[in-house]
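Since the structure comes first, as C-alpha cells, the remarks are kept for the end.
Read the figures in this text as sums done on the coordinates, not as results from a lab. Remember, predicted model here, so these are calculated numbers, not experimental data. We place every Cβ from the backbone using ideal geometry, glycine too, and count neighbours over all the protein chains shown.
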Amino acid sequence: MKKKKLLLINPGGKDFRHNRFYEPIELGIVASLVTAPNWEVKIVDLRFEDTDLPEADIVALSSRIIDINTTYDIIRHYKTKGIKTVIGGTHATLCPDEAQKYADVVVIGEAEGVLMQILKDFENGTLKKIYKGCTDLKYTVNRNYYKHYYKTATLQLSRGCPLACDFCCVGKIHNRTHRYRDFKDVVSEIKKTKQKLLFFTDENMYGFSSKNRETVLSFFNEMITQKVNKHWIGMASINAGIDDEFLSLARKSGCIMLLIGFEAIEEDTLTSINKKLNAKLIHDYDRIIKNIHKHRIAVCGAFMLGLPTDNERVIKKRTEFIVKSKIDVYFVTMFTPFPGSKLFDDLQQENKIIYNNYPQDWDYYNQNMPVYTNDHINNMRDLFLECQNDIRQPKVLRKRFLMTLFETRSLSCALYSNYYNFNHFRAFDRVKSLRIINNLFERYQKWIYKKSKV
Ligand code: SF4
C-alpha cells in the first residue's frame, strides 16, 4: 500500500535562522501521535533547511506571530500546487479569521487533539475549515522525527498559567487552564534525549496552587531517583524564588537556570499590568535573586520597556536596576501588545496601535519595535537601544560571568549563562575572552552529544 505523506513545517522566519536552541516541539508532538499505518510523516525545519519545499499529500504548519508572513508565503506556495494546507499554533489560535484566508484548515487550540480526525477527513474528502483541538496531554515525543540540529532538548511538563497578566496571551491560548502531564511520562521522555541540556517550554512551571507545587516536587524527586543526570532550564513565576524546598529539589534534579518575569521595578507599573504577585514582592527582588543563587541556580530576568505607563525617567531607572542587579542573563524586550492580551484590546479600542495593517504589520511585533503610541514617550526606540547598549557593555558582561560563578558557586551555571547570552542574544561579540570560553564549552557539548546513547 502506498503511504500518504504528511509534511510538518516549522517556518522559522529570518529572526530564527540557525537558532539551535529549540526543537520544534509542537511538530514533534503531532508527528508522534500519527498512528495510522497508511501515513508517513516528515518534519522540515526551515531554520536550517534551505530546501525546495517538498511535495506531500497534505502540509501542516505551526504558527507564531513573529514569522507569520513567512508561514503565509509557504501556504501560498502549496496552494499553487493544489496541496491542502493546515495551520495550527499560537497565531492561528488567536487570529483564526485571518488564518482562514490563507490555509484550507485552521486548528484552534491543541492540534494534536484533532490531527488524526483531520487526516481521516482528508482521506474521505470531508475536510472542514475549522477544528478545535483539546488534549489530555498524553504523549511522548518520538525524537527520531528530529534531525541533529538541536543543542537543547525541548520538553513540557505543563501548559498554561494560572495568573492573568494584562500583556500576556497565554491565558487566551489555553482557555485560562493550567494542566500538567503525567510527570513519569516526562521523566521517561527525558531519559531518551541525547542532549545534556533540557529546556522546558512551560509558561509557568511553578504555578500557584499547592496541588501544582506537589506535582512539580514529585517530578523533581522522580528525576533525582531515576538519576537522569541532565541540566535543565525552566520558566516560573516569581513566587518560586522564595520556595526553598522547590529550589533545592530543582537544583538536585539538574536545574541550572530559571527564567523569571520581573518585567518592571515599580509597584504602580506592575499593578497597572495586573502583575500582582510581582507587585507584592517588589521590595524583595534582590532577596529573591540572592535566594535562587543560594541554591546554585542562575537567574534569567525578563524585563519590558515601553509599557503604557512608562516614561523616560522610569525606563532609565529600570535600565540602571538591570545593570546593577545580580541577574545572570538579561532578557529585555520592547513591550509588544500581542493579540489575545487585554492590553492589545485596550490599545486597539483607544486607537493607539500604529502598526495595524495585518498581516504584513505583524512583522513589527518582534519585541524590538514600538508598535503603539505611548502617551509619555516619543523616542521609545532610542531609549530601548540605549538600554540594550548599556546592559551589553563589555565590562558589564565580563563582570557578569565572574559574578555568576561567584554567586552560584557553579561553573555549570556560569558557562550556561555565558552560552545562553552568547547564542541567544549575541551579546558577547565584543568580549573576546567570553567568546573563547563559549566556543570551548560548545565543543564540550558536541562531545557529550556524540558520546550519549539514545
Ligand atoms: S505569569 Fe507569565 S505566563 Fe502567566 S500570565 Fe503572567 S506573563 Fe503570562
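Assorted remarks:
- At R0 = 51 Å, FRET efficiency that the Cβ-Cβ distance of I224 and T309 yields, to 0.05: 0.70
- Along the axis of the charge dipole computed for the chain (Cβ charges of +1 for Lys and Arg, -1 for Asp and Glu, origin at the Cα centre), the listed residues H174, T269, N10 are led at the positive end by N10.
- Segment 4-133 - charge dipole about Cα centre, Lys and Arg +1 at Cβ, Asp and Glu -1, debye rounded to 20: 240
- The chain: radius of gyration over Cα atoms, expressed as a fraction of 2.2 N^0.38 Å: 0.98
- Taking 29 Å as the limit for the C-alpha separation, the pairs K192/K276; K79/K194; K79/K138; K194/K276; K101/K352 exceed it in the case of K192/K276; K79/K194; K79/K138; K194/K276.
- Length released on extending from T35 to D382, taking residue separation times 0.36 nm less the Cα-Cα span: 119.7 nm
- Cα centroid separation, segment 101-126 to segment 279-345: 40 Å.
- Looking at segment 302-362, none of the chymotrypsin sites (Phe, Trp or Tyr not before Pro) sits in a DSSP loop with at most 13 other Cβ atoms within 10 Å of its own Cβ.
- Sites K290 and I353, calculated FRET efficiency, Cβ-Cβ separation with R0 45 Å, nearest 0.05: 0.70
- Inter-probe distance in nm under a simple model that places probes 7 Å from Cα toward Cβ, at S210 and D375: 4.3
- Sites T126 and L277 - FRET efficiency at Förster radius 41 Å, r taken between beta-carbons, to 0.05: 0.30
- Estimated purely from DSSP H runs of n ≥ 4, each contributing -39500 (n - 2.57), the mean residue ellipticity at 222 nm for the chain is -12000 deg cm²/dmol once divided by its residues.
- Neighbour counts of C-beta atoms inside 10 Å place K120, K194 in the sequence K120, K194, starting with the fewest.
- You can think of it this way: the chain between E267 and H77 has 63.5 nm of extra reach, that is 0.36 nm per residue less the Cα-Cα gap.
- In Hz, Karplus ³J(HN,Hα) per residue of segment 151-167 (6.51, -1.76, 1.60; θ = phi - 60°; x = Gly, Pro): 7, 10, 7, 9, 9, 9, 9, 9, 10, x, 8, x, 8, 9, 5, 5, 8
- Convex hull volume of the C-alpha atoms in segment 4-133, normalised per residue: 96 Å³.
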